[in-house]
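Working notes, beginning with the structure itself.
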Amino acid sequence: MKARRFWIATAFLFLFNIMGIVAEEQPTNMPSKSRIAATPPMHGEKNMQQVENVGNAEMSPKEPSASGFHQLLKQKFIDGNAGFMSLVALALVLGLAFCIERIIYLTLAEINTKSFLSKLEKFVSNHQIAEAKELCRNTRGPIASLCYQGLMRFDQRIEDIERGMIAYGNIQSSYLEKGCSWIALFITMAPSLGFLGTVIGMVISFDQIEIAGDISPTIVASGMKVALITTIFGIIVALVLQLFYNYILLKIDGLITEMEETMIFFLDLIQKNKHAKS
C-alpha cells in the first residue's frame, strides 16, 4: 500500500512538472529576414548581400532542429489543445504508476521455488515442522505463505489442508491482481479521450467555417490538427500501457501456476509423511 501511494505521488509530481513546462510562454521564433538596403546596392555590396542571404538560408533550417525532441514534443502537446492533452498525459502517468507498482510487487513475490521446496521437503521428511514454519516465515512471497498455511493445519485431515490452502490461494491471487483493473481503465480511457479531442476538433472546424462563411483549407486544417494530434497521443498511451499490462498478466499467471504446483507438491509431501508415521 505504501509503495502504491509513493508511485502515485511520484506520478502526480511528474505530471505537474510537465504542465509547468508546457505553461511557460515562449514567443514563436519568426524566420530571420535578410537585410533590405534603403538604396539600391552598389556592385561591390551586391555580392556581400548575396553571401549574407545564403548564410541566413543555411542557418534557418537548423533553428527548429536545435530545439530537439523535447521542444518538438512540447509544441505538439500545445498544438493538440493542452486541456485534452493534459487528460491524456494524466492517464499515461497514473497508468505507468500502477504498472511500476505492480511490477515491483510481483518481482518481489518471485522466489527460487525449487530451492525453497527442497529445503521444505527436507524439514518435513525429518518431522521438523517448527523449522519448516520458520523457513516459510522468513521467505517472502505467496508461495511461502501458502505453504505456511498448510503447515498450520498439519495435524488435520488432508482434505481440510487442501481446502484451507485453496481458500488462501484465492486470497493471494486477488492480491496479485490488485490494481490491474485501474491499468485496464486507463488503457480504455486514453484512446477515448483522444477520440473526444477529435470530435471537439471537428466542432471547432465547423464553427470557424460558420463564422468565416467559407470553406478554406486553412480554417479546416486548424481544427483537424487538434483532432489528429489528440487521437495519435491517445492511441500511443494505450499501446504503451497495454505492453506493461500484458507483461504484468504474464507474471501473475506464472506466479499462480507456481502456487498450484506448490500446493500439489505440498499435499503429496504431507500425505507421504503421514503414511510414513502410520
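The values are calculated or read from the model by the stated rules, or taken from the named source; none is laboratory data. The shown structure was predicted, so the numbers you read here are calculated from the model rather than taken from an experiment. All Cβ positions, even for glycine, are placed from backbone atoms using ideal geometry, and neighbour counts span all protein chains on display. Side chains are part of the model used for accessible areas, which takes the heavy atoms of the whole protein and leaves out ligands, DNA and RNA. Shrake-Rupley method; radii C 1.70, N 1.55, O 1.52, S 1.80 Å.
Val93 accessible area, nearest 10 Å², 1.4 Å probe?
Near enough 10 Å² of accessible area.
Count charges around Glu121 for me, please; just the other residues with Cβ under 11 Å from its Cβ, Lys/Arg as +1, Asp/Glu as -1.
Once positives and negatives cancel, what remains is +3.
With all protein chains present and a 1.4 Å probe, how do Ile100, Ile256, Ile248 order by accessible area, largest first?
Accessible-area ranking of Ile100, Ile256, Ile248, largest first: Ile100, Ile256, Ile248.
Any of Lys251/Lys272; Lys178/Lys272; Lys178/Lys225; Lys178/Lys274; Lys114/Lys272 with alpha carbons more than 29 Å apart? Name them for me.
With Cα atoms farther than 29 Å apart: Lys251/Lys272; Lys178/Lys272; Lys178/Lys225; Lys178/Lys274.
Calculate what fraction, in whole %, of the accessible area of segment 127-205 sits on carbon and sulfur atoms when a 1.4 Å probe is rolled over the protein chains.
Numbers: 2380 of 4070 Å².
Here it works out to 58 percent.
Under a 1.4 angstrom probe, counting protein chains only, how are Ile211, Ile236, Ile229 ranked by accessible area, largest first?
Result, largest first: Ile211, Ile236, Ile229.
Heavy-atom accessible area of Asp155 with all protein chains present, probe 1.4 Å, nearest 10 Å²?
Its heavy atoms expose roughly 140 Å² to the probe.
Keeping every protein chain present and rolling a 1.4 Å probe, give me the accessible area per residue for segment 87-177 in Å².
Heavy-atom accessible area per residue stands at 50 Å².
How much accessible area does Lys133 have with a 1.4 Å probe, in Å² rounded to the nearest 10?
Answer for Lys133: close to 50 Å² accessible.
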